[in-house]
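As structure tokens, the structure follows; a few thoughts come after it.
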Amino acid sequence: MQLKGIIMKNMLIEPKYQGIVFDLDGTLINSLADLIDSLNIVMEYYDLPPKTYEEGKKLIGRGLRNLVKRALPRKLSQIDSIVDEALQIMLDEYSKRRTNKTRPYENVQFLLDYMNNHEIPIGVCSNKEDLLANQIVRELFPNTAFELVLGQKEDEYRKPDPTPALKVAGALGLSPDQCLYLGDSVIDYQAAKNAGMLPVLCTWGYTKADQLMQFEDAIWIKNPIRAIDALKYGRDMYRIFQEDEKKVIRGEE
């Protein structure tokens, strides 16, 4: 009943923002297991100890090349030919198991359906390789209309450079200041700020809430549905709902 009340209230007000640019891993999908399972094939190939999922969280966010480079010991990660070889193994393995265990986070599909039903344009901006990002989105969100799913392409800029986010905003037909940028990491915060978008940081992803709450000019949410409130009200959402935002995120209210 409370959820229905919030949504009905939102529908009566012209939204403050006109579209959302989404991060992918840790925001729309929990891909941790498939990524680290694939990475551990690389680790086994080089006779290195496997990474736990918890260790893997700290390695994700800057693309697969950086993932394998950060996982390898320094003496190997400094050799380009080794990194190239490790990346190819990672790509081969991850391509085979990309959605074996990967699933959308709870209530993400509800949020995406809301966006589509209200004709609010949405797009994806990821540091994951472009082909993989598009394959995964098609497989996990087959009935969701994204204006653009943009992953990393060779020799192109990656987040936190603003170029990819600005390209997605352009595909939405919006200026940056009309967009929310929803992500789960420091990189996403930086990308949003660099692009001139309002950062909305989710605490269900790979980065701990306390690390995200250092950014006082961001919005923090712990449920995807609250992105609807951010879209409608921006940072005023906490005042409108009479909330202490940090207590809400920490579960103190």
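The values are calculated or read from the model by the stated rules, or taken from the named source; none is laboratory data. If you're wondering where the values come from, they're calculated on a predicted model, not measured in any experiment. Using ideal geometry, Cβ is built from the backbone for each residue, glycine included, and neighbour counts are taken over all protein chains shown.
Quick notes on this structure:
- Within the range 90-99, being among the acidic types (Asp, Glu) and surrounded by fewer than 18 Cβ atoms within 10 Å (Cβ to Cβ) holds for one residue alone: 92.
- Any hit, the range 48-65, residues being acidic (Asp, Glu) and assigned to a strand (DSSP E or B): no
- Count of the range 48-65 residues which are surrounded by fewer than 17 Cβ atoms within 10 Å (Cβ to Cβ) and within 22 Å of the chain's Cα centre (by Cα): 5
- Residues of the range 234-251 that are closer than 11 Å to residue 219 by Cα and aromatic (Phe, Trp, Tyr): 238 alone.
- Scanning the range 179-191 for residues that are out of contact with any Lys or Arg (no Cβ under 9 Å at 6 or more places or on another chain) and assigned to a helix (DSSP H, G or I) yields 186, 189.
- Out of 75, 69, sole residue that is surrounded by 14 or more Cβ atoms within 10 Å (Cβ to Cβ) and either over 16 Å from the mean Cα position of the chain (by Cα) or in a helix (DSSP H, G or I) (or both): 69
- Restricting the range 194-213 to residues that are part of a helix (DSSP H, G or I) and touching a residue at least 24 places away in the same chain (Cβ under 8 Å), the residue that is farthest from residue 18 (Cα to Cα): 211
- Among the candidates 102, 27, residue that is surrounded by 14 or more Cβ atoms within 10 Å (Cβ to Cβ) and touching a Gly at 6+ places or on another chain (Cβ under 9 Å): 27
- Within the range 135-174, if we keep just the residues that are aromatic (Phe, Trp, Tyr) and crowded, with 18+ Cβ neighbours inside 10 Å, the residue that is farthest from residue 103 (Cα to Cα) turns out to be 146.
- Matching residues in the range 111-126 - criterion: being of a type in the set (S, T, N, Q) and buried (at least 24 other Cβ atoms within 10 Å of the Cβ): 126
- Condition met for residue 87 (crowded, with 19+ Cβ neighbours inside 10 Å, at pLDDT below 95, out of contact with any His (no Cβ under 6 Å at 6 or more places or on another chain) and among the hydrophobic types (A, V, I, L, M, F, W, C)): yes
- Looking only at the range 1-24, and only at residues there that are surrounded by 14 or more Cβ atoms within 10 Å (Cβ to Cβ) and assigned to a loop (DSSP other than H, G, I, E, B), the one that is modelled with the lowest pLDDT: 15
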